[in-house]
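In what follows, a structure is listed as C-alpha cells, so that the remarks can point back to it.
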C-alpha cells in the first residue's frame, strides 16, 4: 500500500463515523465484513442491554471497518491509533460486540493478552449489571475468569466496589479469590473491612492467602497514615498484627532505611515491634560495619530489647560477619559483648558466631574470637559457631563445643546435636 493510501485509510479509521458511512455504501469486501460480524454478535443478539437497539447492519459496519484495519499495511503507531479510536467508538455503541471480539473463546489467544483493555473500563462501568450478567451466563466461555477480572477493575476505577462485594455470592472460588485480592490491593477502608472478614474464612494453606494478607496489610496501613494505634484497635490475630506492623513501619522508614527512623518502632505495640523491624533492619548492612553499629546503638538507646534480640538484628549481625575478616568487622564483637541487656547480648553473639562460621575463605574461624575474653560472651559466640559448623565441619564443631565453659550451654547444644560428644 502506498504512503498516500495508508494515510487515507488512517484518516478514514480515525474519523470513524465517516468511515462507517463510506463502508456502508461499498460492495467490495462485504462478505468478509459480514463474516466478521457474524462471529462477534452473539452477546448482542442473545442478551439484554443497550446494544440490542443496534441493527445487524450497524454491527456489520463496525465489523467491516475492523476487518479493513486488520488487512491494512500500517505502521505500528498508526495501527494502534486507529484501533483505539475504532474500538472505543464501537464499544460506546455496542459494548458486548467489542468484549466478545477480545474475550470470546473463538478470539485469537493474543487478543486479550495484547489489547489495552482498560480502554473499555468506562463503558463497562456504565453497564455493570449487564456485563456481569453476560459473564455469569457464560458468554465468554473459558475466558470467564479473565473477563470477571476486567469487570472488577472497571468497578474499582469507577468507585463501584460495592458491586464487587455483592457479586461474591455467585462467584466461583477462583473469582472470589481474585475479587478479594483486588479489593485488598486497592480497596477503600470499608472494602478492607469486608476483605478482613473474608480472609477469616480462608485457609492459610490457600495459595493466594499469604499474598492477599500482605496486600490487605499494606493497603490498610496506607489508609491509617500515622495513626498506628488505629491499625491494632480491633485486630487480635497475631499473624495479622505482625503483617500490619511490617507494612506500617516500611511506609515510615523508606528505603534505604535511616537509623533516625528506628525510633518510630516505639509507636507500635510492643508485641509487634520485632516483626516490623525484621523486614527492614537487615538492609542496614548496606551501610557497612558503621551502619550496623549505629543501628544496634540506636535500638539500645531506646531500650528496644525485643528488637535487638529479634530475627532482624540477628540476620544483620550474621550477614556483616559472614563477610571476609577485617579489623572493623571483627571489632564489632566487643560492641556486641557490651550490649546491656543479657538476653539480647546472648542472641546477638550467637548470631555473630553463625556469621563467622559461615564466612568463606576465612581460615581458622576461632581465631576471630581473640577480642572476646573467656566467659559468657565468648561462650555465646562459640555456641553460634558450633551450630553453623556442625553439618559442614563436624570436627571443628566439636572443637568449639569443647571450648565452651558454660555447662548449661554445652548441654543445650548436645540436646540439639546429640553426636557432638562422640
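The numbers here are math on the coordinates, done by the rules we state, and not lab data. Quick caveat, the model's predicted, so the values are computed rather than measured. Using ideal geometry, Cβ is built from the backbone for each residue, glycine included, and neighbour counts are taken over all protein chains shown.
Things to note:
- Gyration tensor verdict on region 141-258 (Cα atoms; rounded if a/c is under 1.5, prolate if a/b is larger than b/c, oblate otherwise): prolate
- Shape call, region 312-393: gyration tensor on alpha carbons, a/c limit 1.5: rounded
- Contact order for region 282-408, expressed relative to its length and based on alpha carbon pairs under 8 Å spaced 6+ residues apart, stands at 22 percent.
- Protection proxy ranking, highest mean first, for peptides 338-346, 274-282, 139-147, 385-393: 274-282, 385-393, 139-147, 338-346, where packing is the per-residue count of other beta-carbon atoms within 10 Å, averaged.
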